[in-house]
Amino acid sequence: MAKQKTIKNQKKIWAIGGGKGGIGKTLFTANLGVGLAGMGKKVIVVDSDLGGANLHTLLGEKFVKYNLNDYINNTCSLEDAVLPTSIENLKLVSGANGILGSANPRYFQKMKTIRCFNKLEADYILVDLGAGSSFNVLDFLNSADEKIVIFSPEPTSIQNAYGFLKSALYRKLIRTFKDNKPVQETITKGIDPKNEKKVSTLDELSKRICKVDKKGHVVFKETVYNYRPNTIVNMLKKKGEQNTALGLSLTAKKFLNLDMNYLGFVESDDIVSESVKAMTPFMKMSPDAKICNSINKILHQLV
């Protein structure tokens, strides 16, 4: 008699970032979580911003007993840090707010946070990344199953999104070759802005690595090939602005050799400011709004 195959439940960790503050990452994360929960999925949203957390506020949770910082510093258990919300199937791990030093966790604290993502019991873990391109933010992004990069149609936001993607990819490559010093040093020197012989494209860097270590070069190419972030244009105000995603994709392909997956756009809507003031996600407050349709389309692509 043939043995039955055991199908392992594959948990999905999605990290939502963009490098710049004010582009709607947290608002998007909150409402994406509500949308997933509405599909009957067990969801935990995690606010990984350990300096200025506000995901809990957008979900209508005024008081948070424990947060991620408490878990990292052994003040509470992981179970205690996972808080219920008023939305069925949706739980929350809040970040810290205004705690001195919490925004810059040490290496072991960062690694404990990443392990925390994998220990959480849910169908989907949504990690709301902090602003900027610090190593902590990049490592949180690179530890996820799905990397979602949000930007608005403004040129500065597109530029920041490209810089964020570039930093994340190079961080991934440097960490991949942490035990191969010749290749790691080639990458580090090649991307150093102070180096007169710095590379301008990833193809140039690829050629240098091939000369240093041919086997390492194979790993390098595989790492880049498998690095496929998702992009979303947020706060779309008029038709045609979604084409900015194509511009970002073409630039990333030319200079970083990256193939990206465009998930869609989220329109600007007056309901957004109303939902923020009401501390109620717009997916719950007004599920028939156009913006909710945009979120649902993105969700169906991801799921």
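The values are calculated or read from the model by the stated rules, or taken from the named source; none is laboratory data. Keep in mind it's a predicted model, so treat the numbers as computed, not measured. No Cβ is skipped: glycine too gets one built from the backbone with ideal geometry, and neighbour counts run over all protein chains shown. These area figures cover heavy atoms from the full protein model, side chains too; ligands, DNA and RNA do not enter into them. Shrake-Rupley method; radii C 1.70, N 1.55, O 1.52, S 1.80 Å.
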Gain on full stretching of the segment that runs from M279 to E204 - 0.36 nm per residue minus C-alpha separation: 22.1 nm
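Calculated from DSSP H runs of 4 or more alone, at -39500 (n - 2.57) each and per residue, what is the 222 nm mean residue ellipticity of the chain, nearest 500?
Numbers: 14 runs with 144 residues, N = 303.
Theoretical 222 nm ellipticity from helices: -14000 deg cm²/dmol.
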Rough spin-label spacing in nm, given labels placed 7 Å along Cα→Cβ, for E79 and S249: 4.6 nm
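List the trypsin sites (Lys or Arg not before Pro) in segment 143-210 that DSSP assigns to loop (not H, G, I, E or B) and whose Cβ has at most 15 other Cβ atoms within 10 Å. Which are they? Before the final figure, lay out each step's value.
Details: sites: K147, K166, R171, K172, R175, K178, K189, K194, K197, K198, K207, R208; in loops: K178, K194, K197, K198.
Here the trypsin sites (Lys or Arg not before Pro) that fit, given the DSSP loop and packing criteria, are K178, K194, K197, K198.
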q = 0.15, 0.19, 0.20 Å⁻¹: log10 I(q)/I(0) that the Debye formula gives for segment 213-303, counting C-alpha atoms only: -0.70, -0.92, -0.97
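Work out which GluC sites (Glu not before Pro) in the chain are exposed loop sites (DSSP not H, G, I, E or B, at most 15 other Cβ within 10 Å) and give the longest gap free of them.
Details: sites that count: E88, E121, E196.
It works out to 197-303.
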Surface share of carbon and sulfur [accessible, 1.4 angstrom probe, percent] for the chain: 51 percent
Stretch gain in nm, segment N261-K194, where the contour uses 0.36 nm per residue and the Cα spacing is subtracted: 20.9 nm
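Would you mind computing the Rg to Rh ratio of the chain from its alpha-carbon coordinates, Kirkwood style for Rh? Could the numbers behind the result be given before it?
Values: Rg = 20.0 Å, Rh = 20.3 Å.
Over the Cα atoms of the chain, Rg/Rh equals 0.99.
Loop-only check: which trypsin sites (Lys or Arg not before Pro) in segment 223-303 are DSSP coil with at most 14 other Cβ within 10 angstrom?
Values: sites: K237, K238, K239, K253, K254, K277, K284, K290, K297; in loops: K237, K238, K239.
Filter output for segment 223-303: K237, K238, K239.
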Cα Rg, Dmax (largest Cα-Cα span) when computed across segment 40-94, Å: 10.7, 33
Chain lengthening between D270 and Q301 when straightened (0.36 nm per residue, less Cα-Cα): 8.6 nm
For F220, net neighbour charge (Lys/Arg +1, Asp/Glu -1) across residues whose Cβ lies under 11 Å away: +4
Between segment 168-241 and segment 250-303, the Cα center-to-center distance that results, in Å: 28 Å
